[in-house]
1. For the stretch D:47-63, which residues satisfy the criterion of being farther than 15 Å from D:Thr90 by Cα and under 20 Å from the mean Cα position of the chain (by Cα)?
2. Does any residue of the stretch B:238-258 turn out to be facing chain C (nearest Cβ under 9 Å) and either in a helix (DSSP H, G or I) or closer than 21 Å to B:Trp77 by Cα (or both)?
3. For the stretch A:56-65, indicate whether the set of residues that are away from chain C (no Cβ under 14 Å), open to solvent by less than 10 Å² (accessible area, probe 1.4 Å) and at pLDDT 95 or above is non-empty.
4. Take the conditions at pLDDT 95 or above and more than 10 Å from chain C (Cβ to nearest Cβ) and apply them to B:Val333. Does it pass?
5. Looking at the stretch C:260-294 only, could you name the residues that are among the hydroxyl-bearing types (Ser, Thr, Tyr) and surrounded by fewer than 22 Cβ atoms within 10 Å (Cβ to Cβ)?
6. Go through the residues of the stretch D:291-301 one by one and say whether even a single one is of a type in the set (S, T, N, Q) and within 30 Å of B:Arg375 (Cα to Cα).
7. Cβ-Cβ under 6 Å, sequence separation 6+ or interchain: first residue in the stretch A:333-349 and touching a residue at least 12 places away in the same chain (Cβ under 8 Å), partner among the hydroxyl-bearing types (Ser, Thr, Tyr). Which pairs?
8. Which ones in the stretch C:94-114 are assigned to a helix (DSSP H, G or I), closer than 17 Å to C:Ser165 by Cβ and open to solvent by less than 40 Å² (accessible area, probe 1.4 Å)?
Amino acid sequence: MDLNYSPEDDAFRQQVRDFLAANLPPDLRRKVRGHLRLGKDDYVRWHRIVAAQGWAAPGWPVEYGGTGWNAVQRHIWDEECALAGAPPILPFGVNMVAPVIMAFGSAAQKAHFLPRILHCDDWWCQGYSEPGAGSDLASLATTAVRDGGHYVVNGQKTWTTLAQHADMIFCLVRTDPAARKQDGISFLLIDMKSPGITVRPIVMLDEEHEVNEVFFDNVRVPVENLVGKENQGWTYAKFLLGHERTGIAAVGRSKRELRFLKALALRQQLGGRPLLDDPVFAAKIAQVEIELMALEVTVLRTIAQEDRAPGPQASLLKIKGTEVQQALAELMVEAAGPAALPFDSALLEGRHGIAHDSADEMQAAPLAAYYFNYRKTSIYGGSNEIQKNIIARMILGL
Amino acid sequence: MDLNYSPEDDAFRQQVRDFLAANLPPDLRRKVRGHLRLGKDDYVRWHRIVAAQGWAAPGWPVEYGGTGWNAVQRHIWDEECALAGAPPILPFGVNMVAPVIMAFGSAAQKAHFLPRILHCDDWWCQGYSEPGAGSDLASLATTAVRDGGHYVVNGQKTWTTLAQHADMIFCLVRTDPAARKQDGISFLLIDMKSPGITVRPIVMLDEEHEVNEVFFDNVRVPVENLVGKENQGWTYAKFLLGHERTGIAAVGRSKRELRFLKALALRQQLGGRPLLDDPVFAAKIAQVEIELMALEVTVLRTIAQEDRAPGPQASLLKIKGTEVQQALAELMVEAAGPAALPFDSALLEGRHGIAHDSADEMQAAPLAAYYFNYRKTSIYGGSNEIQKNIIARMILGL
Amino acid sequence: MDFEPKEEQRQLADALRRWIERDYGFAARRDIIHSPAGESPEAWRMLVELGLTALPVPEAQGGFGGGAADMFFVMQELGRGLVAEPYFATVLGARVLQLAGGQEELLERVAAGEVKLACALGEAQSRHDLADIAAKVSGPVDAAAVSGVKTVVEGGGQADMLIVSARSHGGQRDRDGISLLLVDAGTSGLVIRDGRAIDGRRCAGVTFDHAPATLLGDPGTAWPVLEAATDWGAALLCAEAVGAMDALFGATLDYLKTRRQFGVPIGSFQALQHRMADMFIHLEQARSMAMLAAAKADSGDAEERRRVVSAARVRVGEAARFVGQQAVQLHGGMGITDELPAAHWFKRLTAIGLTLGDVDHHLRRFAGQPGFRVA
Amino acid sequence: MDFEPKEEQRQLADALRRWIERDYGFAARRDIIHSPAGESPEAWRMLVELGLTALPVPEAQGGFGGGAADMFFVMQELGRGLVAEPYFATVLGARVLQLAGGQEELLERVAAGEVKLACALGEAQSRHDLADIAAKVSGPVDAAAVSGVKTVVEGGGQADMLIVSARSHGGQRDRDGISLLLVDAGTSGLVIRDGRAIDGRRCAGVTFDHAPATLLGDPGTAWPVLEAATDWGAALLCAEAVGAMDALFGATLDYLKTRRQFGVPIGSFQALQHRMADMFIHLEQARSMAMLAAAKADSGDAEERRRVVSAARVRVGEAARFVGQQAVQLHGGMGITDELPAAHWFKRLTAIGLTLGDVDHHLRRFAGQPGFRVA
């Protein structure tokens, strides 16, 4: 048992820090740290900076543009990016559709799509959920009917994150309505500019336009855009679910938010002393900090099984990771107190709407929206209830 | 909306207090308040004092020896007895078998058993649970086969509280093995001195002999001891479940324990000040106190529906009542700290085994056993999980 | 003992609910809270017509002299209906006026619905401690002026008159030295920055720069009035929260019965059933405490009032957090869209939890009462 | 980074587990803890034979020089097997001796299993604050004596030598002025009241009345040693708790798969499945922290050691409470009988939670480290 990073790991971490110090634009860092909203340009700009360094897809095999880092190095990279306040590299291209294309796609698909994903030439979104198929994903109803060299797609996807920016969508569609529900599903890549696609915004409780409904009305998709074999899509989707998921614990991001929370609680006062010195509030922060320490070790234990997929263990990381994130967001609102009440959407979008009286007010204004937004984390990506079902069945054998 | 007791209620409360001040023996009060164990004599002595006053069965109709009190008065009586540290009047006779006998029993049964219950001439115990029939009570397997003027009973009951003292047991037994499981059950009254009955102690985690297994080996029970009709026992058992259950919230007892906890936390020190002044510990006590305040109002709301049976609402009272009781017990152990570690069974039984250094040590010594013992409360009487099933089904319609 | 509404309480609540269902539905409310004004003159007129502005005002000033128990049933309906008009700000102000005395004419106009009030009590540094006041009173008693910055003033941009707390003397967190003053919203020396709050209501930052003001009571002695009035307001918020929770719980129960996954209603899953049972228990315990707070909020026994109101805020706040978060969770993705009322009840419950003291504030206050240490 | 035991760690743990399964099963243990002595000479002999008393002792004193990480795997097995012998008391004493220095010969005898130790640190008023010491040192440095009353001394009645904390100077809760002393259990001026503890182990009250004692280190300077040794002990208790939880969780899982009600295994009920998932998460998070504590418990960086050990005690303590209570609950009536091991793991976990600081104590200590306030 040895819980220390190696000297090589430490050196690597320093290299990452140097890169971030030199290359992360201060305006992006400020937005991320201040809980403001990122626009398409923000994501793309950062992705391309990282891609220019050759680090945009650390999890990929080297031949496709991966970095050759081991699991600990990938963890260090993720952690340092999050700590520095870098925007995330969105997962839909790099971590979701790319591994499926690599494993099951045609040579042409690999040659065309993978470099474009690596360099963020295409913005991808994920077409899985439907109004009637949420937790029960396999009951999806969007159909794709073969018509010569095309599939004709009809139906509706929902909760499609940032589809309003997307060039491409990867979809699970039903190609065999007669088969058992998991068996008739195919995996299609669809150009978002195709005629017949309509994107309708879903405004969320924080009034952000983050997700969408995507409607397909006789959308013609070339058969070349089928990944792998027809009716095998469920297998590919499940392959993806078992893939790299320690990142879901978001330890680095939560460490950054913990720092924000403590800084806030040092500025806020209770009885003339910093709120952080109040024994009751300090105990709450300490409890989350300790949970996060434990989670970090649990992540490292998972990683230490070097390159074995974490499998159902990922459910634990997802549950705890989201619980910690939600607890931090909630404590920020609590620390801000009434100052969290005003809702300033202009500020959230990076504009200056209302004249704020102080920097403190500006720091407090986004927090309630952030708290509301983060309620999604225990719902998306397989709700935490579904994750518990998975633990009970796959790990405990119940 | 008016949440105050009436002047009549207040006068009644004073009358009860006067009775308790004059009649509750100090040694019993000391045992109850100090979390020591009560023996058979303790229960019987107090029951007979109360019976002499005519108050042993406030819930009974006046013609059988009830008091004619309304629901609020019965609540005041229960609360004041608990606050004063009176031993409980055990429910098995007065509150469990008696109402069934009154509603469904023969004239002879009423004439014989009810006065004996009222005056504690018979000690009753309850023969419901079996090793294979806990939450799923209706799957019970103890059989009663008619043989002339007798039933011959074979099988086993378990978790039989204080059966070692019992003169009588009321049992659910299977009289028709062919019927649907709820339909073949009968309600029998059995003399514990009958040949063929063996009582085996089950020692609990606090090393108390509180419950038992009761074995029936060809026990002959006169048919006169069948209550109501053969194979209708399940109906009678359910009738009992719907009966008076606001007492299950144990508000009075928890108020007494809250006082004990505060007194303990005033004596215990943290950093040179009373533990009760520590903000973190004070917040925990305050939270339980507030939960108890809320529970008391919830009980009063239930009672205010004067003499309507609380029905599934009782499940809420059972869950919250036991949660509050368990939280108080746990906080006592926490307040006592290491002083709760020694286990002194002689002291618990009212003898003086080890020489204790101080009154504080003697107050702390029973607390861990009390905490362990009270884990039962969320298990017995229909586990809290079963109560939630009842709420979901009966109140919420899920 | 009686936990049911009296006949006139029931009638008023029913009338209010019918109006909300007819004219203040989800879509109508959405238009109002996204309008530039952020409030609806028609809705206000209706609240006045129903007698709601007159309800808590003494009969001598043309009101109905209703107590907190009467307000309980009104606030419950307003919470259920997510009514976003500046009603609470106005009646809280009326309560201050009544307790402080000497503004009978103004109270009459409030009762008649002619004047809206707002209470400018909090400051940037004060969080939940309303005695933490940096704003200052200057000038002679009969020509006072107020200077300072008040933050998060509910309805501050909609009010005709502001009630302001400011310091006549003493240190920044002293209870001695606090004054309450009345300031005309149209007066000089006043800058009001109106904005939306997270629950769709309006709140404002208000800067006072030697704004002419009328003292309510003797200078520096207002703490007991301020505390009693905000306790009364806190009890009303408990009632509103119970109404909101009740409606949110009902909507969630409906959702569980209709939403199907894996071929069955999701309400058939035991884990969700038990969650609903837990929410039900929270709701009933919160309802009990909100009733108790309503019964004691205008009590003359200040310690008993403080104890019960703070206990209710704690218990209702805990329930609001649990019921709110879990209702959203059980709604799945639908729970976190702006398109269903669920999220709006959740946001209102969150906002209530940040108004007039959070759970920790009231837990500390409860444990700080002298009676708490008596075993 | 490596979370697996080294080969020799694994071998020792395996040997220990095999012995427990063979000779220290549930029935055998029951006889031992209910025997008048409360311990088993045969069991002790076996622990010595396996090298457990030598494990934490430096090689120079005939030990194996094992660190907290080595002890982790041993303590985990002892927790799993509910071994009630006074082993922890002895190795905690050995850690004190090692850190204090100057008792090499005695350490050799401890390593050889010839001497059992106990640490008399707590007093009636001190609760979890081991600096709260009323016991006094008197006499010259080379002929010291101790007077005072120590409570809840684990293994105090079984030990050959007692290590006692007492005050040479300073106020009752000062960290300055604390001394550690060695007292022969057979010496004059000593009254030991041996009794059972709630987990079946032995603990004693010990009264010292001018008992002859040997100072460990300079008078009044022992706090750093006392704190470092008890942190090391606290890390060991985390490992033991994880072993106990692991076993209790496994037993509960088996019970859910075999116990049938309503015609199905009760493990098929989703509410119970989710409870088990929650327990699993607690267990894994606790295991992570126990490992981290083992890695840092003998660290030279005292603040890092304090921070990590207290964090581990908090997280393991919370897990122990949840897993313990829920395991008992899920066992139903069977969980609260003396007849199944479930209740015994629960009781041991409860006792661990009261030893060397409870969750709140360590939470306060964690938040009190200077680094906690650095954002």
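1. Selection gives D:Leu50 alone.
2. Among the residues of the stretch B:238-258, at least one is facing chain C (nearest Cβ under 9 Å) and either in a helix (DSSP H, G or I) or closer than 21 Å to B:Trp77 by Cα (or both), which makes the answer yes.
3. Checked the stretch A:56-65: at least one residue is away from chain C (no Cβ under 14 Å), open to solvent by less than 10 Å² (accessible area, probe 1.4 Å) and at pLDDT 95 or above.
4. Here the answer is yes, as B:Val333 does meet what is asked.
5. Result: C:Ser268, single match.
6. No, that holds for no residue.
7. A:Val333/A:Tyr371
8. C:Ala94, C:Arg95, C:Val96, C:Leu97, C:Ala100
The values are calculated or read from the model by the stated rules, or taken from the named source; none is laboratory data. Computed from a predicted model, the values in this text were never measured in an experiment. Positions of Cβ are generated from backbone atoms using ideal geometry, with glycine treated the same way; all protein chains shown enter the neighbour counts. Side chains included, ligands, DNA and RNA excluded: accessible areas come from the protein's heavy atoms. Shrake-Rupley method; radii C 1.70, N 1.55, O 1.52, S 1.80 Å.
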